[in-house]
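Take a look at the structure set out below.
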Amino acid sequence: MIDSDNRAESHLGVRGLGWQGPVASIAYEPDEVLACLRRLDGPLFVVQNGHSVGVTNAGELAPADKGGLSVVATGDGVTRRSLGDPAFLATYGLEAAYMGGSMANGISSEELVIALGGAGMLGAFGAGGCPPRRLEEAIRRVQAALPEGPYAFNLIHSPHEPALERRAVELYLEHGVHVVEASAYLSLTPYLVAYRAAGLSTDASGEIQVRNRVIAKLSRREVATQFLQPAPEKLLGPLVSKGVITQQQATLAQRVPMADDITVEADSGGHTDNRPLVCLLPSMAALRDEVQAERQYRVPVRIGAGGGIGTPLSALGAFMMGAAYIVTGSVNHGCVEAGTSDHVKRLLAQAGMADVMMAPAADMFEMGVNVQVLKRGTMFGMRARKLYEIYQTYDSLDAIPEAERRKLERQILQNPVEDVWDSCEAFFSERDPAQITRAQQNPKRKMALVFRWYLGLATRWGTRGEKGRELDYQIWCGPAMGAFNDWVRGTYLEDPANRGVADVAGQIMDGAAFHYRVQSLRVQGVQLPAALLNWRPAAV
């Protein structure tokens, strides 16, 4: 039974209006009312028919003096395309302001990017940790499937392996990858600036044309400030001198911000500061407004939201706080297209919101940077913390007490330290030989590489489903995964085999539109039964 309070009687949107249409279309029973609420692409009318209040999608409004039923509340059509910033949709050619963020080592796989792109949403390939040959293969596959887009590729800041970042930029420029998700940046690098500036030109009217788009994912105001400002001259000058960009491009780069969009990353899986979105997003939006007032860019930088988004209500909350778009990660990790093993996907499908922890990151181990990982069903988090504890305590591998070293080799590395170092030498000889040279000159650096061997392989063991290493799987995951599992429990999406990434995205976005409609009715004084207040995923 639908009820209404006295706010509805004085609501300006329905005062003096009546409803005219087929009375038979009015729904009163819960199932029928829910069906009307879920028809998102058309209008909705809540009408008074005698002593009953019902809902219909049919008919039209007319002046009350023309007859018809009294109107309690109304709602316009609202769909997934209604949410977010229309400019974001137009810039990237999307049907929804939704992005699947990049997860390194190809976990955000070609299949995941292609599936989202085919559904009119933006996916970013997880290029972090991928050697150049693997990255080039991914570029070719994605571009073959989505020649007109939309797609993006990750560009991750690699302070200890700058050659990888440089080579990624070279491949993106060579193959015409025009959208990158820049992540883990602490400061701008010449490679990122080169990518941005190399895509700048002017049209016949002199307007700047931006061909290489940057979506920066970050959580700190000081980092956001760098992306809100133009590229600094100290980085542009050397690029011009080396012939990487032209003088005209350097000049144009000083008139546009470094990023088109900034994703405010809250409590996410992987690299995260665990910050609450309700605090972080308004702060970043205010910072953007300050810079925009100063710089007067023709196109302001858009602010999106990621981290902790795994349900329709969390998505709607981000949009209602002003997010131009939303970004998901953890929920995609458990989808069928994710480049990881079925074992990992089953563990993710069982995760609760509290089943996560922080552990040292492989790419920034020496800096003490952490990532958020799943702790249920794996001991990686605790073992990784133990490695960092040893690293902080001792200055070299030889300084580790014999008993501690044997325990390390038996329980965590499962290999002699010498064999692990041999593997490191073989790996970095192809990937970045300078790493070996520095490690041979610095015993503590050598210890860090040995420990990073475990941290790096722990992800690959999980993606490949390495037998015997299940307790060492590193599975990036935030609390959004647990919230998603709670939401889909009892539906077809409870089974990880049914979790197609585009379907999950569509359910989240359609559910957000549904909840927007429900909230708009609530504001107008309509009180719906509790059974009608939630969007439950329904297979099509």
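Exposed loop GluC sites (Glu not before Pro) only (DSSP loop, at most 12 other Cβ atoms within 10 Å): please give the longest stretch of the chain free of them, not including the sites.
208-540
On each of the three principal axes of the Cα atoms of the stretch 44-171, give max minus min coordinate, whole Å, ordered largest first.
Taking the Cα atoms of the stretch 44-171, the three principal extents are 74, 29, 23 Å.
If you take the Cα atoms of the stretch 92-241, find Rg, then find the Kirkwood Rh from the mean of 1/r over all pairs, what is Rg/Rh?
Reported Rg/Rh (Cα atoms, Kirkwood Rh): 0.96.
Over the Cα atoms of the stretch 214-359, compute the convex hull volume and normalise it per residue, giving Å³.
Residue-normalised Cα hull volume stands at 155 Å³.
Going through the cross-link list Lys345/Lys446; Lys234/Lys446; Lys217/Lys407; Lys217/Lys242; Lys217/Lys386, which pairs have a Cα-Cα distance over 31 Å in this structure?
In this structure, Lys345/Lys446; Lys234/Lys446; Lys217/Lys407 lie more than 31 Å apart at Cα.
Between the stretch 341-362 and the stretch 295-316, how far is it from one alpha carbon centroid to the other, in angstrom?
One Cα centre to the other: 25 Å.
Return the Cα extents of the stretch 346-472 along principal axes one, two and three, sorted largest first, each rounded to a whole Å.
Extents along the principal axes: 45, 32, 27 Å.
Gap in Å between the Cα centre of the stretch 18-73 and the Cα centre of the stretch 163-239?
The two parts, judged by their Cα centres, are 52 Å apart.
In whole Å, what three semi-axes, largest first, describe the equivalent ellipsoid of the stretch 82-339 built from its Cα gyration tensor (square root of 5 times each eigenvalue)?
Square roots of five times the eigenvalues give 25, 22, 17 Å.
Ala426 to Gln292: extension gain in nm, 0.36 nm per residue of separation minus the Cα-Cα distance?
Stretched out fully, the Ala426 to Gln292 stretch lengthens by 43.3 nm.
Taking the Cα centre as origin and putting +1 on Lys and Arg beta-carbons and -1 on Asp and Glu beta-carbons, what dipole magnitude results for the stretch 142-236, to the nearest 20 debye?
280 debye
One-quarter of the Cα convex hull surface for the stretch 436-540, in nm²?
11.5 nm²
Based only on Cα atoms, what mean projected area does the convex hull of the stretch 474-534 have, in nm²?
5.3 nm²
Ignoring solvent entirely, what values of log10 I(q)/I(0) come out of the Debye formula for the chain at 0.07, 0.08 Å⁻¹ when each Cα is a single scatterer?
The Debye formula, applied to the Cα set alone, gives -0.46, -0.58.
Full extension from Arg346 to Ala58: what is 0.36 nm times the residue separation minus their Cα-Cα distance, to one decimal in nm? Intermediate values should be presented prior to the final figure.
Numbers: separation 288, 0.36 × 288 = 103.68 nm, distance 4.38 nm.
Result: 99.3 nm gained on full extension.
Only the coordinates and a few stated rules stand behind these numbers; no lab work does. Here the structure is a predicted model, which is why all the values come from computation and not from measurement. Using ideal geometry, Cβ is built from the backbone for each residue, glycine included, and neighbour counts are taken over all protein chains shown.
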